[in-house]
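Heads up: the structure comes next, in structure tokens.
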Amino acid sequence: MPMTGWLRALFDAIAMAIYVLIVYSASLTIGPLGRDYAMLANPNENASFLVARLISAEVHFFANSAWAYHCVNLGLLYACMLLLYRLTNRVVRGPWWFGTLAATLFMANPVHSEAVLNVCGPVDLLPCLLALASLMVYAESAFAPRLWSVLLSPVLFGLAILGGAQIAILLFVLILFELLVRPGQGNPLLRLALPAMLSVTKWCFTPEILSAARWDLTGMFAPLYFIVYPLGFLPATARTLVAYPILGWVAAASVLIILFLIHRKARRPVILFGLFGAAATRLCQGDGFVDPVHLIGGGQLLLANALFNIAFVALFYRIMDHPKWRRAVVTLTTLLCVVFFVLELRSVLSWRQASVFTHRFQSRAADEREKERVDGSICVFPDFQYYSGAPMCLSASLAYATPFSKAIGAVPLLRLHYSPDVKVHVTESSDAEVTVALHAVDPLDLLCYPYGLSTPGGREKEAGILIETVSISPETLTLKIRDQASLPPCPVLSTEILGAP
């Protein structure tokens, strides 16, 4: 006899916990990387009220025990999975294993690795958790209204829109739910009244949510592509799309046509709810950048990914209406989960290596400062940013005082992505400028978005440092670095001596 009711739910919950441990147990030793330093140093300035309170509490209780921060991340991720499991089963109304499938694909999608692997993962995970809790309880009150769900729904919605700016448009997801999942059932206006009032209040007190910068169409919707293709673009592809934006619009039109054809064949409103809901979470998020190569910033896509997976499993449920395809669907979804597990495990290992590299760099920087006996900043040359999707951001690791680091201060002389074969040589030097030859198999692949240095004569400026491309050859990129800010003399710390992560 197949398991049903609470026994099946318990079995699925245990299975999902095992999946989380399989994928992320190796992440417990990863130290702070990238954005972590700014968040740990100033949570009130860099996170919403609820997230800042949680991170401040973590800093107080955990100090420099990285594993404890990651345990909180895994707990939040697991709670999101349980909520998505219940929400999927409520709206899809198919076999319960579809809920497990949606939650598992959500958990292992590499597009938002940073949400779990960054020490300050609650920046993304807590808002997503509150949003999913709000959606789940709202669905419960719509399908089977009870006193607890009716009372708890607006409370959770209010907490959700306080959890982060990316959740401020949650009202539109509720409207889509009423239009596509429960059309004409009960009294939707009554259910939506309080969420609408809370949303309008939030928008009034934080009008920047509706600012023009947040309505950039490319910034809002282009990152959704990486939910389906969570590998990131090749650097050459990303440079081409930046140089010729029309190619991105053609690709977007192609995707919309494919989705229209799928809907025309499937005729399942739940699929539209998941797809439109994922898009709705990106409204007013055009200033939230996601790196197209390394997917840093992908933590913003947690809620969008959750809703997309509801549409995804609903499509599989529709395919299984044909008896011929039932076994094939089970096989395909199992293989898809395995592929996602492998991809995320690879991401975890990359982050571990980047963490070792960054810690080694911090130790070297502290020794260099002690040796030079200076109180000012250290120039980081080159300032490596990402390694296989992991954010090293070496200069940032010296800029803040946290339980894991001292505020040494750093000036980035040349921002690059890391590659084991990169060699950087100073060919000419004077008080005014330095000429640098960058040698690699493909040196253009080491440049950072938006690739201003990828053409001769191209320029980038940051922290008073102007960098100009002199020449480009297949294996050499020649750059000229000028100091335009009259920076005080400070020692230069070459990061090449640190070797490979």
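Using alpha carbons only, the radius of gyration of the stretch 238-282 set against its Kirkwood radius gives Rg/Rh = 1.12. Each Lys and Arg contributes +1 and each Asp and Glu -1, all at the Cβ; summed about the Cα centre of the chain, the dipole is approximately 2400 debye. With neighbours defined as other Cβ atoms within 10 Å of a residue's Cβ, the residues 215, 67 order from fewest to most as 67, 215.
With the Cα gyration tensor of the stretch 226-305 giving a ≥ b ≥ c as the square roots of its eigenvalues, does the rule (a/c under 1.5 for rounded; else a/b larger than b/c for prolate; else oblate) give rounded, prolate or oblate? The partial results should precede the final answer.
Values: a/c = 2.19, a/b = 1.43, b/c = 1.53.
Oblate.
Within the straight-line cut-off of under 15 Å between alpha carbons, the aspartates and glutamates reachable from residue 406 are 36, 367, 368, 370, 375, sequence neighbours fewer than 8 places apart in one chain being disregarded. Tell me the trypsin sites (Lys or Arg not before Pro) within the stretch 225-271 that lie in a loop according to DSSP and have at most 14 other beta-carbon atoms within 10 Å. Sparse-neighbourhood loop trypsin sites (Lys or Arg not before Pro): 267. Here the Karplus relation 6.51 cos²θ - 1.76 cosθ + 1.60, evaluated at θ = phi - 60°, turns the backbone of the stretch 433-441 into coupling constants of 7, 10, 9, 10, 10, 9, 10, 6, 4 Hz, with x for every Gly and Pro. Put simply, the amide H of residue 458, placed in the peptide plane, has neighbours under 5 Å in 469, leaving out anything fewer than 5 places away on its chain. Sites listed here are trypsin sites (Lys or Arg not before Pro) in the stretch 14-120 whose DSSP assignment is loop and whose Cβ has at most 16 other Cβ atoms within 10 Å: 93. In a fully extended conformation the segment linking residue 155 and residue 61 would gain 31.0 nm over its present Cα-Cα distance, using 0.36 nm per residue. Bridging of residue 480 to aspartates and glutamates at a Cα separation below 17 Å is possible for 383, 428, 431, 433, 460, 462, 468, once same-chain residues fewer than 8 apart are set aside. Charge dipole of the stretch 104-251 (Cα centre as origin; +1 on each Lys and Arg Cβ, -1 on each Asp and Glu Cβ, all else neutral): 180 debye, rounded to the nearest 20.
Near the amide H of residue 411, within less than 5 Å, lie the amide hydrogens of 378, 379, 380, all on another chain or at least 5 residues away, with H placed in the peptide plane.
Using Cβ counts within 10 Å as a stand-in for footprinting exposure, how do 448, 120 rank, fewest first? All intermediate terms of the calculation are to be shown ahead of the outcome.
On the way: 448 19, 120 29.
Ranked by crowding around the Cβ, least crowded first: 448, 120.
For residue 296, the amide hydrogen comes within under 5 Å of the amide hydrogens of 291, counting only partners 5 or more places away or on other chains and with H modelled in the peptide plane.
Would you mind classifying the stretch 352-498 by shape? Square roots of the alpha carbon gyration tensor eigenvalues, ordered a ≥ b ≥ c; an a/c under 1.5 is rounded, otherwise it is prolate if a/b is larger than b/c and oblate if not.
Working: a/c = 1.89, a/b = 1.29, b/c = 1.46.
Oblate.
Remind me, relative contact order of the chain in percent, using alpha carbon pairs under 8 angstrom and six or more residues apart?
On the way: 809 pairs, mean separation 77.9, N = 501.
With pairs under 8 Å counted, the relative contact order is 16 percent.
Taking the C-alpha atoms only, the angle from helix 302-319 to the longest principal axis of the chain is near 50 degrees. For the stretch 327-338, the Karplus equation 6.51 cos²θ - 1.76 cosθ + 1.60, evaluated at θ = phi - 60°, returns couplings of 5, 5, 5, 4, 5, 5, 5, 5, 5, 5, 5, 4 Hz by residue, with Gly and Pro reported as x.
Sequentially through the stretch 48-57, phi angles give Karplus couplings (6.51, -1.76, 1.60; θ = phi - 60°) of 5, 4, 5, 5, 4, 5, 5, 5, 4, 5 Hz, Gly and Pro residues having no value and appearing as x.
Give me the orientation-averaged projected area of the Cα convex hull of the stretch 426-482, in nm², one decimal.
On the way: hull surface 15.1 nm².
Reported value for the Cα convex hull: 3.8 nm².
For the stretch 238-328, the set of chymotrypsin sites (Phe, Trp or Tyr not before Pro) satisfying both a DSSP loop assignment and a count of at most 15 other C-beta atoms within 10 Å is given as 289. Relative to the longest principal axis of the Cα atoms of the chain, the long axis of helix 188-205 lies at roughly 20 degrees.
Expressed as a fraction of 2.2 N^0.38 Å, the C-alpha radius of gyration for the chain is 1.04.
Under the Kirkwood approximation applied to all pairs of distinct alpha-carbon atoms, what is the hydrodynamic radius of the stretch 295-436 in Å?
Values: mean 1/r = 0.0522 Å⁻¹.
Computed over Cα pairs of the stretch 295-436, the Kirkwood hydrodynamic radius comes out at 19.2 Å.
Note on the stretch 1-155: Cα-only Rg and Dmax are 16.9, 55 Å.
In the stretch 100-256, taking the dipole from charged Cβ atoms about the Cα centre, the farthest positive-side position among 159, 221, 251 is held by 159.
Since every read-out is calculated from the coordinates, none of them should be taken as a lab result. Predicted, not measured: the structure shown is a model, and the values here were computed from it. Every residue, glycine as well, gets a Cβ built from its backbone with ideal geometry; the counts of neighbours run over all protein chains shown.
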